[in-house]
Amino acid sequence: MNNKRFVKVVAIVLAFLMLLSVIMIALTVIADTNASARVTQTQIDNLRNEQRGLQRRRNEIESRINTIEFERTTEILKKGILDERIMVTGLEIENINNTIEYFNILIREKEYEVFLAQTREDEQLARFRDRVRNMEENGIITYLEIIFDSTSFADMLARIDFVSDIMRADQEAHDDLMVAREETEGAKEVLEETRLELGEEKLRLEEKEEELYAQVEEASALILQMEANIDTERQLRASVVEDETRVLREINAAVAELERQRQEAERQRRLREQQARQQANNSSNNNAGAGGAPAVGTGTFVWPAQGRITSPFGVRQHPVHGDMRQHNGIDIGAANRSPVVAADSGSVVTSRWCNSFGNFIVISHGNGVNTLYAHLSARHVSVGDNVSRGQQIGLVGSTGVSTGPHLHFEVHHNGARVNPENWLP
């Protein structure tokens, strides 16, 4: 009978040791999760630093708008300043969206921490209840019997030490339970704080989106005001024609340089193939590539934006003055800041801002084909970048001479502007 009780006590001690091992493993996992969360928190802090920089830039733009000099500038220049403000607001929206994304990741991590802490607390509580129940059933008699069953004085001392270890383990089990409970409560508090921060970011996003809408309306109203005044509209038209002519010259020069690079890349490729044939035993020559050679299109286009054509290619009547004018592309009505994608694979030859097109991008697809994407609220590619068919390159906007969010899309073939509808599926 005594042996059975002794075995029972040993089993309890072994179970407690196993519990400690489980706790250590859980603590390790929590530590790893915390380390990951710290990295994400650093990313959030970086985004907030970026946000402060955007706020300073935005304050500078607002100061320019509020000065007398702004009132004295031409409407074209005013539109440029308003577009700059729109672009900064767009960057702030992107910043907030990135912050929200990181907060969502952080919340998932915190939820996992709460789960681990709660699991640890539940396990500790179950062990502690089992131990209390066992003590209620057996009481101190169990300890006395263990001691009095000793066969010698040395055995008795050893058994006393053993009982002391059990009692110490009981106290540690209680302490661990309290620690586990505090960790669970702490993890829940951090999770709730993170959720509150996420809620604040979402409110900021709503405010910025409303602000952006008002800014786009203000900039569009300026263009409408200019078009309503005949003299001002003539100046605007002359400025746009001059700007587009200059841009077209720039595009042709950039495309010519790009074609030269393509031809040089092709010459280098053929030279490597010739060298490879001459030195067939050198496998490295066979594996040589063209490196950063300009990309060439597939010849098949995809729609650059989701929407319908609101203004087709060709001659159209001006809505205010009634005169006929050439429209060199198509306008695709799309939601503000919706994605703009490359119609085909190619290499970016232009990515900048100008008075008429606002933010615009030009892609050379090879074989004399180029595409232009104008009035963007944001550009996501730079000159020299190779892009693939359907890759996002920017966001729909209303920058430049534009009276509302849309994508102005042009196709140039051998230097001439052609109807994009003939190239789209």
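A few points about this structure:
- Reported to the nearest whole Å, the Cα centre-to-centre distance from segment 186-205 to segment 211-234 is 40.
- P(r) weight above 13 Å for segment 344-396, C-alpha pairs, percent: 52
- Backbone N under 11 Å from the Arg325 label point (7 Å along Cα→Cβ), restricted to segment 390-425: 401-403
- Gain in span if fully extended, Ala238 to Lys188, counting 0.36 nm per residue against the direct Cα distance: 11.6 nm
A short reminder: the numbers here are calculations on the coordinates, not readings from a lab. These numbers come from a predicted model, not from an experiment. Note that each Cβ is placed from the backbone with ideal geometry, even for glycine, and that neighbours are counted across all protein chains shown.
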